[in-house]
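The values are calculated or read from the model by the stated rules, or taken from the named source; none is laboratory data. Only a predicted model underlies this, so the values are computations on that prediction, with no experimental measurement involved. Because the Cβ atoms are built from the backbone with ideal geometry, glycine has one as well, and the counts that use them run over all protein chains shown. All accessible areas refer to the heavy atoms of the entire protein, side chains included, with ligands and DNA or RNA removed. Shrake-Rupley method; radii C 1.70, N 1.55, O 1.52, S 1.80 Å.
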Amino acid sequence: MPETNSKTMETTRLGWVGLGNMGVPMAQRLLNAGFAVTVYNRSKGKAVEGAALAATPGDVAQQSDVVFIMVSDDRAVREVFDGGLWMGGKTFVNMSTVSPEVSREVAVRCAALGSHYVDAPVSGSVKQAQEGQLVIMAGGSVDVVERVTPLLAHLGKLVLRVGDTGAGNTAKLAINVLLGIHAQGLAEALLFARAHGVKAEDFLTIVNNGAMSNVFARIKGEAILHDNYTAAFALKHIAKDLRLAKAEGLETPLAEAAYETYQAAAAAMGEEDIIAVIKTVER
């Protein structure tokens, strides 16, 4: 790493800010890979076994060469940086799904302090985080992305630089637009089939054995069949991501429809899984 001088990658000290559903298994993978990891979470009571627990984001930065950030939104990113991450000689890897604007804003200030910033949001859910099978979209300078790639390789099956600062965020918003449309489409098609006498399990069997088969349809189809809407990816997050995409200029027909549906669903079902959108569509 540029700021670790003679340190090898194996002795690079890592920090992790944000211990949500995704942050915990991702930090755990870095610990399991043999790295020293210092962690911090804004709400108290969360920890990662084997990691040092810091009292503030600034304490994480003090004890780390590379700091990973996995928080909920733009406001949270600004909050943790204002909590002590504005520091020179560090590399910050922001894996949160946030706006390209906030990444560009933070990257400029980091550079002025002599630090580096990469936006590296992920595609995948808790299971993929646990297994190191995430897809990671990175935005930032070529050399810094290359230097953090060996670390990111412990977290994902693919690490792809897609452009300069903010490009990773843009790619993630595009993926989540597709995710939102796909979840709503699955819900609408299933409801149509069921309303005309086709059993939901039969419809899903057809989907899962045809050209439309995919992991998402299998997992979310099972959730619908078992009426299980415990959040793997909370509906409030897709509603937020569609708002971010709309702010970036997204206004195509399917995206507009998904935007309206998820905003309407978020108030009542925001804490449930994304596929709970079926309940809004059904009503």
Pairs returned, first residue in segment 29-42 that is free of Cβ contacts under 8 Å to residues at least 60 places away in the same chain and hydroxyl-bearing (Ser, Thr, Tyr), second residue that is in a strand (DSSP E or B) and open to solvent by less than 30 Å² (accessible area, probe 1.4 Å), beta-carbon separation under 8 angstrom, 6 or more apart or interchain, are Thr38/Leu14; Thr38/Gly15; Thr38/Trp16; Tyr40/Gly15; Tyr40/Trp16; Tyr40/Val17
Cβ pairs under 8 Å, 6+ apart or interchain, first in segment 187-215 and under 15 Å from Leu225 (Cβ atoms) and among the aromatic types (Phe, Trp, Tyr), second open to solvent by less than 90 Å² (accessible area, probe 1.4 Å) and in a helix (DSSP H, G or I), ordered by first then second residue, are Phe203/Ala189; Phe203/Leu190; Phe203/Ala193
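Across segment 148-167, what is the number of residues that are in a helix (DSSP H, G or I), open to solvent by 10 Å² or more (accessible area, probe 1.4 Å) and touching a residue at least 60 places away in the same chain (Cβ under 8 Å)?
Taking segment 148-167 and keeping what is in a helix (DSSP H, G or I), we get 148-152, 167.
The next check asks that each one be open to solvent by 10 Å² or more (accessible area, probe 1.4 Å); those that pass are 149-150, 167.
Next, from what is left, pick out any that are touching a residue at least 60 places away in the same chain (Cβ under 8 Å): 150, 167.
Number of matching residues: 2.
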Of all residues in segment 47-62, which are of a type outside the set (Val, Ile, Thr), assigned to a helix (DSSP H, G or I) and touching a strand residue (DSSP E or B) at 6+ places or on another chain (Cβ under 8 Å)?
-> Pro57, Asp59, Ala61
Which of the following residues is touching a Phe, Trp or Tyr at 6+ places or on another chain (Cβ under 7 Å), of a type in the set (A, V, I, L, M, F, W, C) and within 28 Å of Ser103 (Cβ to Cβ): Leu254, Leu250, Leu242?
-> Leu242
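Do we have Glu105 as open to solvent by 10 Å² or more (accessible area, probe 1.4 Å), assigned to a helix (DSSP H, G or I) and over 14 Å from Tyr40 (Cα atoms) here? Step through it out loud before you land on a result.
Numbers: open to solvent by 10 Å² or more (accessible area, probe 1.4 Å): yes; assigned to a helix (DSSP H, G or I): yes; over 14 Å from Tyr40 (Cα atoms): yes.
Spelling it out, Glu105 is indeed open to solvent by 10 Å² or more (accessible area, probe 1.4 Å), assigned to a helix (DSSP H, G or I) and over 14 Å from Tyr40 (Cα atoms).
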If you go through Ala223, Ala217, the only one that is under 12 Å from Glu272 (Cβ atoms), of a type outside the set (Val, Ile, Thr), open to solvent by less than 30 Å² (accessible area, probe 1.4 Å) and not in a strand (DSSP E or B) is Ala223
Residues in segment 72-121 that are more than 19 Å from the chain's Cα centre (by Cα) and of a type in the set (Phe, Trp, Tyr) total 1
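I'd like to know if segment 58-76 contains one or more residues that are closer than 26 Å to Ala234 by Cα, free of Cβ contacts under 8 Å to residues at least 12 places away in the same chain and open to solvent by 50 Å² or more (accessible area, probe 1.4 Å). Steps first, answer last, please.
Going through segment 58-76, the residues closer than 26 Å to Ala234 by Cα turn out to be 67-76.
If we keep only those that are free of Cβ contacts under 8 Å to residues at least 12 places away in the same chain too, we end up with 75.
From what's left, open to solvent by 50 Å² or more (accessible area, probe 1.4 Å): 75.
The answer is yes; a qualifying residue exists.
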Here is a list of conditions, (1) in a helix (DSSP H, G or I); (2) open to solvent by less than 10 Å² (accessible area, probe 1.4 Å); (3) among the aliphatic types (A, V, I, L, M), and Val39 meets all of them except one; can you say which number that is?
-> (1)
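Here is a yes/no grid of residues against (1) farther than 22 Å from Asp241 by Cβ; (2) touching a Gly at 6+ places or on another chain (Cβ under 9 Å); (3) open to solvent by 40 Å² or more (accessible area, probe 1.4 Å); (4) not in a helix (DSSP H, G or I):
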| residue | (1), (2), (3), (4) |
| --- | --- |
| Asn169 | no, yes, no, no |
| Ile175 | no, no, yes, no |
| Leu178 | no, no, yes, no |
| Glu188 | no, no, yes, no |
| Val198 | yes, no, yes, yes |
| Glu201 | yes, yes, yes, no |
So which residues in segment 203-213 are of a type in the set (S, T, N, Q) and either touching a Gly at 6+ places or on another chain (Cβ under 8 Å) or at pLDDT below 95 (or both)?
-> Asn208
